[in-house]
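Since the structure comes first, as structure tokens, the remarks are kept for the end.
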Amino acid sequence: MLKKYLINIRNSDIIGVYVLKGRKRNMEKVFKKLTVFLSGLLIVTTVFLIFVIPTYIKSERKIDFFSSGSIVSSIKNMELNMTSVIYVKNKKGNWEEYQRLHGSENRIWASIDKMPKYLGEAFIAIEDERFYENRGVDWKRTAGAVANRFLKFNSTEFGGSTITQQLIKNVTNDRDKDAMRKFREIVRALLISKKLTKTEILEAYLNTISLGNGICGVQVAANYYFNKDVSQLTLTESAALAAITNNPSKYNPMTEKGAEENKKRRRLVLDKMLELKKISYEEYDAAYNEELKLDNSQEDDYEAEINSWFVDALIEQVIEDLAEKYKCDTKVASTMFYNGGFKIYSTVNPDIQAQMEKVYLDIKTYFPQTAVNPRGEKVNAQSAMTVMDYSGHIMGIVGGAGEKTTNRGLNRATKSPRQPGSTMKPIGVYALAVEKDIVNYNSKVLDQPIKDYYGKGKSGPKEWYGYYKGTVSLNYAIRKSMNTVPVRLLQEVGIEDSYNFLVNKLGCKHLVTSDKNLAALALGGTNYGLTATESCAAYAIFGNQGVYHKPTTYYKIEKANGEVVFDYDETGTQAISPATATVMNHLLQEVVYGSEGTGRGISGYNSMRAYAKTGTSSESYDLWMVAGTPYYVGSVWYGFDFQSKVSNGAAAAKIWKDVMTEVHKNLEKKEFTDSDDVVKKGSAYFKKTDKDKQASSAVSSKPSVSSSEVSSSALTSSSAVSSAEASSVASSSESQTSSAVSSAESSASSSGTQTSEPQSTEE
């Protein structure tokens, strides 16, 4: 029986091919090898018949050893190493692709419904021609592959693994070269074929197959090689992709040698498609002679691409959010992000981002000042800027001046808190003072030194303009950026209330408990400070009816299968009343348009109104401009990465104005919305609850807290407080040094006779 079988083998096409190739072989050796092969095949068959098949037939429960259940789950849920895609809204309000982000592999999932039919047929023809007939394993093909392994009778390009088996390798990365791996693969294929349809298997395969250059899946391959969507692939292009998979390096059409090899193999693919009657002869003839047209002008080499500042900020936020959601560290979350195949619907406005980047690349115009860093190197000034809408959506962000040369480096807009100077006054003091009805728009307040402010016998704080004005209105005190007034009011507001408001209501997460002191919360002399993004979000409450929104770089994030992972909460939280927000809005408009307002430099950005506050920290180390328009809020920080004085006090304002002028150029004119609980009397704005105060407008005609009542104990609860005039606050023991620099900048102050403020010296 065996002899008869061997004779038949000898006379078969296999031996015929063997002889036709002109290879001389010893027939006795052939028979010996065949005997070994058949013996091995008999053993394998016996194992399957006795152990595997009965188990497979009788039970469809998951067999742990083969992990079929987890493989099916991964395929159905697309939990693979997939590329994440960032989308933006175009001018028509439709979502379009903005950027792709991937880890070790670049993979975008595409529905099989999007693919041309001949694409799948091309892969089936060359990789698994009986795909629709087999049950995950092609026994004829497997036997042929095993025979070839023993006999080496054919150098054919056709392998023994089915598409199902290849999919298993792609999903599990189980690539051991021993017989046990093959055994696992066969059993897994049999099990998976009972749980997934052929369409599901083919779709998963086409989305996970390696196609060279770090590319996985036909969607990315279509982008990379032809600069088109997978749905647009021609028959020739489909055959070319199918040709690659056998040996991505050998059949790479991008190389000179690979192009020739790819041409030979894609013709072989077309031969098989014609043989299997998947294409007509006319289609075959046209594709066979068609030259492949490559177009990698949009080459998907994201590993070398430098992200924008916005994309960096988005990546950081998503990783942090993933770590919080799944209770893991940021390293794990980072892997999840880059390999998760997320669809990220971002908030960025590409036009705004581009305008911001244009300004920040212009070193000569905006960052001419230089200083010598601690390493002895001469460096230009630095800056950061964030632009948001009133729902917390970040429209654009820049984390540094000059060309961006690295990914996920220091983003000063989100990761570099700096002393806010006088920009702290509205959010740390004035908003709460108006909210608590301590003052109103026209309240009389006192600009006079406070006894023992700098320690026993040392009154303060000093004013940047070099003298004290006595009794003034609140609106004048704000637009003039006085120092004594917010310090007095903070005593009535309460240091604890101010600190809790900033941290818990306005998201100022870089404040620390040692900032619970007058200089930090009233004048911005904090230990660390605020980032441009934090201050931007905090100031948005004045143009948004008092509602605070946590800043975000995305609207929504989905998995590849459409499951929503994050959905940004658009509701926000009511930080202050709408009435207080409206009053503060108009008070801060005085900074831009009022007499002696410190923010007059931005008044010509547009015909629309703006509210603003400037800020300068101790020794002019940090300059700020935070301002809102009816459309957006923008925050600019300007300084050096180390402590060095900035001489151009208008630098931050110039950046804000030049960016926002372009941003608002073509926008329809819009007004701020005032609360219904606010009434206007003359040029002043009052909460309706202030009716008894609207006439006299004389609340606090003398100091809210008398000079004698402001003791040193109220100041020395912090680790240290200082001013520009005095490098440290003298506590009662004089043992505490200045780590929290106050915002009084006398170093840049003018003489006591000055009646208007030079922008360069405002704090």
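The values are calculated or read from the model by the stated rules, or taken from the named source; none is laboratory data. Given the structure is predicted, the values throughout are model-derived calculations rather than measurements. Note that each Cβ is placed from the backbone with ideal geometry, even for glycine, and that neighbours are counted across all protein chains shown.
Specify the residue that is farthest from VAL269 (Cα to Cα); the eligible residues are those in segment 109-126 that are more than 35 Å from the chain's Cα centre (by Cα) and not small (Gly, Ala, Ser).
First, pick out the residues of segment 109-126 that are more than 35 Å from the chain's Cα centre (by Cα): 117-118, 121-126.
Keeping just the survivors that are not small (Gly, Ala, Ser) gives 117-118, 121, 123-124, 126.
Values: LYS117: 15, TYR118: 11, GLU121: 10, PHE123: 8, ILE124: 9, ILE126: 6 Å.
It comes out as LYS117.
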**Q.** The one condition in (1) assigned to a helix (DSSP H, G or I); (2) touching an Asp or Glu at 6+ places or on another chain (Cβ under 8 Å); (3) of a type outside the set (Phe, Trp, Tyr) that LYS331 fails to fulfil
**A.** (2)
**Q.** Matching option when the condition is crowded, with 24+ Cβ neighbours inside 10 Å, touching a residue at least 12 places away in the same chain (Cβ under 8 Å) and in contact with a helix residue (DSSP H, G or I) (Cβ under 6 Å, 6 or more places away or on another chain), among ARG488, ARG479
**A.** ARG479
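Residues checked against (1) aromatic (Phe, Trp, Tyr); (2) closer than 21 Å to ALA520 by Cα:
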| site | (1), (2) |
| --- | --- |
| GLY604 | no, no |
| SER607 | no, no |
| THR614 | no, yes |
| SER618 | no, yes |
| LEU623 | no, yes |
| VAL626 | no, yes |
| TYR631 | yes, no |
| GLY634 | no, no |
| TRP637 | yes, yes |
Q. Of SER59, SER84, SER73, SER67, which residue is at pLDDT 60 or above and surrounded by fewer than 21 Cβ atoms within 10 Å (Cβ to Cβ)?
A. SER73
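Tell me the residue from MET424, MET388 that is touching a Cys at 6+ places or on another chain (Cβ under 8 Å) and either at positive phi or at pLDDT 95 or above (or both), please.
Just a single option satisfies the conditions, and that option is MET388.
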Q) In this structure, is SER473 assigned by TED's automatic domain parsing to the domain that holds LEU587, in contact (Cβ under 8 Å) with a residue 12 or more places away in the chain, under 27 Å from SER675 (Cβ atoms) and crowded, with 24+ Cβ neighbours inside 10 Å? A) no
(Q) Being in the same structural domain as LEU233 (by TED's automatic domain parsing), outside any helix (DSSP H, G or I), out of contact with any helix residue (DSSP H, G or I) (no Cβ under 6 Å at 6 or more places or on another chain) and not aliphatic (A, V, I, L, M) narrows it down to one residue among LYS293, LYS277, LYS264; which is it? (A) LYS277
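Kindly indicate whether GLU662 is modelled with pLDDT of 95 or more and part of a loop (DSSP other than H, G, I, E, B).
no
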Q: May I ask you to verify whether VAL269 is at pLDDT 90 or above, among the aliphatic types (A, V, I, L, M) and assigned to a helix (DSSP H, G or I)?
A: yes
Q: Looking only at segment 565-583, decide whether some residue is surrounded by 24 or more Cβ atoms within 10 Å (Cβ to Cβ) and under 24 Å from the mean Cα position of the chain (by Cα).
A: no
Q. Counting residues that are more than 19 Å from ILE315 (Cβ to Cβ), which strands (runs of 3 or more DSSP E) fully inside segment 348-410 reach at least 1?
A. 370-372, 378-380, 382-388
Q: Please go through segment 522-552 and pick out each residue that is touching a Phe, Trp or Tyr at 6+ places or on another chain (Cβ under 6 Å), more than 25 Å from SER675 (Cα to Cα) and either hydrophobic (A, V, I, L, M, F, W, C) or not in a strand (DSSP E or B) (or both).
A: ALA532
